[in-house]
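Q: Pasting a structure here, questions to come.
The values are calculated or read from the model by the stated rules, or taken from the named source; none is laboratory data. Everything numeric here is computed off the predicted structure, so don't read it as measured data. Methodologically, a virtual Cβ is constructed for each residue, glycine included, from the backbone with ideal geometry; neighbour enumeration extends over all protein chains shown.
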Amino acid sequence: MSAEPEVLDELRRLRARVPQVTGAVAASTDGFVLAQDTTGTEAEGVAALTAASLAVAVRLADATGRGEFRELLVRGEEGYVATYSAGSSAVLTVLAESRINVGRLHMEARQSSARIGDLVDGAHG
C-alpha cells in the first residue's frame, strides 16, 4: 500500500494552515519524490538537493555531538527552505515567503513531518 495520497493531503493541509508556505515536497532520504504540493518549482530537483544537503547536515550534527538530524533551515533573500526529518526514511522540505513567522513555520511543519513519517513508515512496515 502506498502512503502517497495521504502524504499529499498532509502537504495540502500544511499549506492551508500557513498561507506563507509556497510549496512542500515529501521525499525519501535518498532524493525520490513521494508527494509534492508546489507550483513553479521542480520537485525532483528539490528532492535531489534535499538529499545532498541532508547528507551534510547529518554528518555535521554527528561530528558536533548534536545527535540525530531533526531539521535544517536555509534563509535566502526571497524566503526560506526548511527540511524536517519525517520518520526513518523520509523528509519534508517546505518553501516559505520571507515574511513568514519562523516559529509558526517550525511548529506547523514539525507536526506535518511527524504525520508524514508515521504514514511513510507505516506503509513500509
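A quick yes/no check of all residues on (1) of a type in the set (A, V, I, L, M); (2) at pLDDT 95 or above; (3) farther than 21 Å from LEU8 by Cα; (4) touching a Cys at 6+ places or on another chain (Cβ under 6 Å):
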position	(1), (2), (3), (4)
ALA48	yes, yes, no, no
ALA63	yes, yes, yes, no
VAL94	yes, yes, no, no
VAL102	yes, yes, yes, no
ARG110	no, yes, no, no
ARG115	no, yes, no, no
ASP118	no, yes, no, no
ASP121	no, no, no, no
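Q: May I pose another question? Give the residue, chosen from SER28, SER2, that is modelled with pLDDT under 95 and closer than 21 Å to ALA114 by Cβ.
A: SER2
Q: What tally of residues in the stretch 1-38 results from selecting those that are without any contact (Cβ under 8 Å) to a residue 24 or more places away in the chain and closer than 14 Å to VAL94 by Cβ?
A: Count: 3.
Q: Which condition does THR50 not pass, out of (1) in contact (Cβ under 8 Å) with a residue 24 or more places away in the chain; (2) in contact with an Asp or Glu (Cβ under 9 Å, 6 or more places away or on another chain), if it passes all the others?
A: The single condition THR50 does not satisfy is (2).
Q: Regarding VAL33, is this residue under 19 Å from GLU4 (Cβ atoms), of a type in the set (Val, Ile, Thr) and within 15 Å of the chain's Cα centre (by Cα)?
A: Against the criterion (under 19 Å from GLU4 (Cβ atoms), of a type in the set (Val, Ile, Thr) and within 15 Å of the chain's Cα centre (by Cα)), VAL33 qualifies.
Per-residue answers, yes or no, for (1) surrounded by fewer than 19 Cβ atoms within 10 Å (Cβ to Cβ); (2) among the aromatic types (Phe, Trp, Tyr); (3) in a strand (DSSP E or B):
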{"site": "ARG75", "(1), (2), (3)": "yes, no, yes"}
{"site": "ALA82", "(1), (2), (3)": "no, no, yes"}
{"site": "SER88", "(1), (2), (3)": "yes, no, no"}
{"site": "VAL94", "(1), (2), (3)": "no, no, yes"}
{"site": "MET107", "(1), (2), (3)": "yes, no, no"}
{"site": "ARG110", "(1), (2), (3)": "yes, no, no"}
{"site": "GLY117", "(1), (2), (3)": "no, no, no"}
{"site": "VAL120", "(1), (2), (3)": "no, no, no"}
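Q: Looking at PHE69 and the list (1) closer than 19 Å to LEU14 by Cβ; (2) among the hydrophobic types (A, V, I, L, M, F, W, C); (3) in a loop (DSSP other than H, G, I, E, B), which single condition is not satisfied?
A: (1) is the only condition that PHE69 fails.
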